[in-house]
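Shown next, in structure tokens, is the structure this report addresses.
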Amino acid sequence: MTTTFITGANKGLGHETARRLLALGHTVIVGARDEERGKEAAAALGARFVRIDVTDDASVTAAAADVAAHEGVLDVLINNAGVHGPHGDPADLTGADALGVFDVNVFGVVRTITAFLPLLSRSPDPVIINVSSGMGSLAVTHDPSRIESSVVAPLYTASKAALTMLTTQYAKALKEVRVNAADPGYTATDLNGHSGPQTVTEGTDAIVRLATEEPGAGSGRLIDRDGPLALS
Ligand SMILES: NC(=O)c1ccc[n+]([C@@H]2O[C@H](COP(=O)([O-])OP(=O)(O)OC[C@H]3O[C@@H](n4cnc5c(N)ncnc54)[C@H](OP(=O)(O)O)[C@@H]3O)[C@@H](O)[C@H]2O)c1
């Protein structure tokens with residue numbers, strides 16, 4: 001039995017990941033910051049809900065304590081919660097805007113990993129999946145053949161670049177944990193006003209692959225639904 005915790009699982013890619021992993025036999029815990037939306041999503045999926053706001057230390061600590069009390073172990077942690085941040089003129093960005101985006105997309109992942117590591121350490125094959133983005137790749141965002149090269153989003157891209165770096169650093173540090181990053185690809189969700197061409201099922205292929213790989217599949221990788229991406 002594989003026990004999997006997903007942040008931001010009340011909608012979008014997190015919700016679809018929960019649906020697919022439940023169908024594959026995982027025990028899935030639906031993490032969401034809003035009690036009502038989280039409970040509703042978990043009930044519809046047939047999963048347990050745990051409240052988690054990744055920007056709030058106390059909330060993250062309480063979520064880990066809840067999983068410790070109920071499941072007692074965690075096999076797969078999926079750091080999926082993310083925000084795009086302001087869509088306005090980059091010339092108007094503020095430090096507070098930057099802190100807000102990084103608080104969810106980067107600092108939230110650090111909080112969550114630290115809180116859940118003791119539970120992951122009880123698993124025979126612990127896995128951490130960070131939902132990053134090709135938008136955080138210097139190679140992808142400078143490749144004219146890629147849609148990501150035509151988008152300007154300084155805070156979102158910088159936060160995802162930081163998240164991919166966090167992934168490779170944790171992979172080096174946590175030898176006993178498989179730590180990888182997934183790039184869902186441009187997918188229709190609330191994050192982008194449903195402008196992405198992919199369905200959420202297509203967008204979760206890389207996440208589901210990382211959550212279901214065999215032990216020894218490797219750590220410190222960034223993959224999309226077609227396979228490995230360059231880390232640069
Ligand atoms: N869609 C794409 O094209 C695409 C491409 C590459 C990467 N991604 C990444 O995929 C992940 C999921 O995004 P999505 O497209 O599914 O977007 P989404 O539908 O907007 O879902 C984002 C999820 O994150 C949650 N969240 C936001 N702030 C949070 C916080 N402080 N604490 C806990 N949860 C929080 C949201 O909760 P609320 O409902 O309460 O706001 C929601 O459940 C993100 O990391 C995103 O950057 C998306």
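In deg cm²/dmol and to the nearest 500, what is the mean residue ellipticity at 222 nm of the chain if only DSSP H runs of at least 4 residues count, each as -39500 (n - 2.57), divided by the residue total?
Roughly -12000 deg cm²/dmol at 222 nm, from the helical runs in the chain.
Between the DSSP loop rule and a limit of at most 15 other Cβ atoms within 10 Å, which trypsin sites (Lys or Arg not before Pro) in the stretch 97-177 are left?
Passing both the DSSP loop test and the Cβ count: ARG122, LYS175.
Size of the stretch 95-232 along its principal axes in angstrom, Cα-based, largest extent first?
42, 35, 27
Would you mind telling me the share, in percent, of accessible area of the stretch 18-86 contributed by carbon and sulfur at probe 1.4 angstrom?
C and S fraction of accessible area: 49 percent.
So if R0 is 35 Å, what FRET efficiency would THR199 and LYS175 give, r being the distance between their Cβ atoms, rounded to the nearest 0.05?
0.45
Semi-axes of the equivalent ellipsoid for the stretch 103-150, please: Cα gyration tensor eigenvalues, times 5, square-rooted, ordered largest first, whole Å.
Each semi-axis is the square root of five times an eigenvalue, giving 32, 13, 6 Å.
GNM on the chain, C-alpha springs below 10 Å: top fluctuator among ILE147, ILE128, ILE29?
Most flexible of the set in this elastic network: ILE147.
Which distance in Å, rounded to a whole number, links the C-alpha centroids of the stretch 7-29 and the stretch 155-182?
Computed from Cα coordinates, the inter-centre distance equals 21 Å.
With only alpha-carbon atoms counted, please give the Rg and Dmax of the chain, in Å.
16.4, 50
Which distance in nm do the two modelled labels at ALA69 and GLU213 give, with both placed 7 Å along the Cα-to-Cβ direction?
About 3.5 nm, to one decimal.
For the chain, what is the accessible area per residue in Å² when the probe is 1.4 Å?
Accessible area per residue, the chain: 44 Å².
Would you mind giving the three semi-axes, in whole Å and largest first, of the ellipsoid equivalent to the stretch 1-133 according to its Cα gyration tensor?
Computed over the stretch 1-133, the values are 26, 16, 13 Å.
Please give the charge dipole size of the stretch 3-228, origin at the Cα centre, charges +1 on K and R Cβ atoms and -1 on D and E Cβ atoms. Round to the nearest 20 debye.
Computed charge dipole of the stretch 3-228: roughly 460 debye.
Taking just the C-alpha trace of the stretch 169-221, give me its Rg and Dmax in Å.
Every Cα atom of the stretch 169-221 included, Rg and Dmax give 13.7, 39 Å.
Spelling out what I want: for every residue of the stretch 164-181, take phi, set θ = phi - 60°, compute 6.51 cos²θ - 1.76 cosθ + 1.60 (Karplus), and round to whole Hz; glycine and proline get x.
The phi angles translate into 5, 5, 4, 4, 6, 5, 5, 4, 6, 7, 9, 4, 8, 10, 7, 10, 9, 10 Hz.
Carbon-plus-sulfur fraction of the accessible area of the stretch 115-232, 1.4 Å probe, in percent?
59 percent
Counting other Cβ atoms within 10 Å, which GluC sites (Glu not before Pro) in the stretch 13-93 have at most 15 and lie in a DSSP loop?
Here no GluC sites (Glu not before Pro) fit, given the DSSP loop and packing criteria.
Simple spin-label model, 7 Å along Cα-to-Cβ: ASP57 to ASP97 in nm?
It is 2.9 nm.
Given Cα pairs under 8 Å that are at least 6 residues apart, what percent is the relative contact order of the chain?
Here the relative contact order equals 18 percent.
The values are calculated or read from the model by the stated rules, or taken from the named source; none is laboratory data. Nothing here was measured: the structure is a model prediction, and the numbers come from that model. All Cβ positions, even for glycine, are placed from backbone atoms using ideal geometry, and neighbour counts span all protein chains on display. What goes into the accessible areas is simple: the full protein's heavy atoms, side chains included, and nothing from ligands, DNA or RNA. Shrake-Rupley method; radii C 1.70, N 1.55, O 1.52, S 1.80 Å.
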